[in-house]
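Written out below as structure tokens is the structure these notes cover.
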Amino acid sequence: MAYAGSAAIRTALLLLTWWALTEGDPAATGFGLGAAPLVALLSLRFFPPSPLRPQPVATLVFSGYFFLRSVAAGVDVARRLLSPRLPISPGYVSYTTSLPAGSPRWLLANTLSLLPGTLSVTLHGRDIELHCLDTTMPVSEDVARTELRIARMFPQ
Amino acid sequence: MPDSPLALIQAFMLVVGCLFFLVGTLGLFRLPDTLTRIHALTKADNLGLGFIVLGLLPSVAGPATAAKILLIWLVALAASATAAHLVGRAVRATDGSGEREDRA
Amino acid sequence: MILLLDAVAAVLLFLLLLGLLRIWRGPAPADRMLASQLFGTTGVALLLVLAESQAEPALRDVALVLALLAVLSTVAFVTRVLRIANADSAGEQHDA
């Protein structure tokens, strides 16, 4: 049952992508309608449905949080660069995450690269090594907040 | 069209986008090492791209084109985060071997 | 609007050029690899703006491909650097 559900969701996403890629050209619709289910089935053979399914509401909340924080990240970098003193104190910070392996951990590492002041450098099991633009900022607290939101997206 | 409020908002978005790209480029010159430059390049430039995309969206031909631009934006975001992580890892790896040479 | 879009395109092109000049100076290979990042964001923005101002939808496809290629080129570069770094540390262990 989960299999059929995944196939339907993936087909719908592929159709949406196809519609966007062809900019809604009616001449291409037939091909998309034929190819999307086949590609969805093929993708299920290579990437079987994961038990970790993102919750829709938590995902939306996370998207909003991510959007606001990445704006803050750009503003933060701009503020530091435009200040004549160039207030940075770069360095490495290690963080141990409690997120399960797979998409949640990968999502955390990638998100952190776009959030204020952090850049994920290495990912070994639970340990993430971050490069920080300003090590005097409360980096761990920030990371923990992001981690919590990702954890809510993937309830166990 | 040129002076409608929406066009003014679009113009504002596009100009702000350019300013963030300008800051990103400034970062390439002002910052001391590769990793800090990656910080500037990923964060400022992604925000710049975001503003440019938002500025373009209202005047595109149709919803499918708008969806395509949003798709490109998402791909560029993921690409930038992945590339930043990979270059960072490469810098860190060469760092590490440098330290080992010092100790030897 | 077209005039503004062309002005934005000109600014982005100028920034791309400036970035390339900086990257040309290096000095480390990783610094130069930032060029792919630069094209992945500034280049994509430039192409999206041009697609609009020139009414040339194909440029959006170019933007998409550029964003994807930016990652692939970085992956290729990083695997090479990591292999060299690993070979170096293996060589040191042999020496010791």
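The values are calculated or read from the model by the stated rules, or taken from the named source; none is laboratory data. These numbers were taken from a predicted model, which means no experiment stands behind them. Backbone-built Cβ (ideal geometry, glycine too); neighbour counts: all protein chains shown.
Couple of notes before you dig in:
- Single match in A:Leu60, A:Leu107, A:Leu81, A:Leu112 (criterion: modelled with pLDDT of 80 or more, out of contact with any helix residue (DSSP H, G or I) (no Cβ under 9 Å at 6 or more places or on another chain) and under 27 Å from B:Gly17 (Cα atoms)): A:Leu60
- Qualifying residue in region A:30-39 (condition: within 14 Å of chain B (Cβ to nearest Cβ) and farther than 30 Å from B:Leu28 by Cα): yes
- Output for region A:9-47, where each listed residue is more than 21 Å from the chain's Cα centre (by Cα), exposed (fewer than 15 other Cβ atoms within 10 Å of the Cβ) and outside any helix (DSSP H, G or I): A:Asp25
- Residue check, A:Val57 in a helix (DSSP H, G or I), closer than 30 Å to A:Arg145 by Cβ, within 20 Å of the chain's Cα centre (by Cα) and more than 14 Å from chain B (Cβ to nearest Cβ): yes
- Filter pass, C:Val71 being facing chain B (nearest Cβ under 7 Å), touching a residue at least 12 places away in the same chain (Cβ under 8 Å), farther than 27 Å from B:Ala90 by Cβ and among the aliphatic types (A, V, I, L, M): no
- Of all the listed residues (B:Ala44, B:Ala40), the sole one being closer than 21 Å to C:Ala70 by Cβ, at pLDDT below 85, under 11 Å from the mean Cα position of the chain (by Cα) and not charged (D, E, K, R) is B:Ala40.
- Selection from region A:53-85 of residues that are in contact with a Phe, Trp or Tyr (Cβ under 9 Å, 6 or more places away or on another chain) and surrounded by fewer than 15 Cβ atoms within 10 Å (Cβ to Cβ): A:Gln55
- Residue that is among the small types (Gly, Ala, Ser), without any contact (Cβ under 8 Å) to a residue 60 or more places away in the chain and part of a strand (DSSP E or B), where the choices are A:Ser140, A:Ser113, A:Ser120: A:Ser120
- Annotation note: of A:Val93, A:Val121, the sole residue that is surrounded by fewer than 22 Cβ atoms within 10 Å (Cβ to Cβ), within 13 Å of chain B (Cβ to nearest Cβ) and either over 24 Å from A:Gln55 (Cβ atoms) or among the small types (Gly, Ala, Ser) (or both) is A:Val93.
- Set A:Ser63, A:Ser6: member being polar (S, T, N, Q), assigned to a helix (DSSP H, G or I) and in the same structural domain as A:Gly102 (by TED's automatic domain parsing): A:Ser63
- When region B:51-82 is filtered for residues that are touching a Ser or Thr at 6+ places or on another chain (Cβ under 8 Å) and touching a residue at least 24 places away in the same chain (Cβ under 8 Å), the ones remaining, listed by number, are B:Ala76, B:Ser80, B:Ala81.
- Among residues of region A:55-77, those that are free of Cβ contacts under 8 Å to residues at least 24 places away in the same chain, in contact with a Leu (Cβ under 8 Å, 6 or more places away or on another chain) and among the hydrophobic types (A, V, I, L, M, F, W, C), counted: 2
- Failed condition for B:Asp45, given (1) in a helix (DSSP H, G or I); (2) more than 7 Å from every other protein chain (Cβ to nearest Cβ): (2)
- Which listed residue, of A:Leu86, A:Leu52, is part of a loop (DSSP other than H, G, I, E, B), aliphatic (A, V, I, L, M) and in contact (Cβ under 8 Å) with a residue 24 or more places away in the chain: A:Leu52
- Criterion applied to C:Val8, C:Val49, C:Val44 was being under 20 Å from B:Ser59 (Cα atoms), within 11 Å of the chain's Cα centre (by Cα) and either facing chain B (nearest Cβ under 9 Å) or buried (at least 21 other Cβ atoms within 10 Å of the Cβ) (or both), and the one residue passing it is C:Val44.
- Where helices (runs of 4 or more DSSP H) fall wholly inside region C:1-57, the ranges with 3 or more residues that are modelled with pLDDT under 80 are C:29-38.
- Only one of B:Gly50, B:Gly88, B:Gly55 that is crowded, with 19+ Cβ neighbours inside 10 Å, in contact with a strand residue (DSSP E or B) (Cβ under 8 Å, 6 or more places away or on another chain) and of a type outside the set (A, V, I, L, M): B:Gly88
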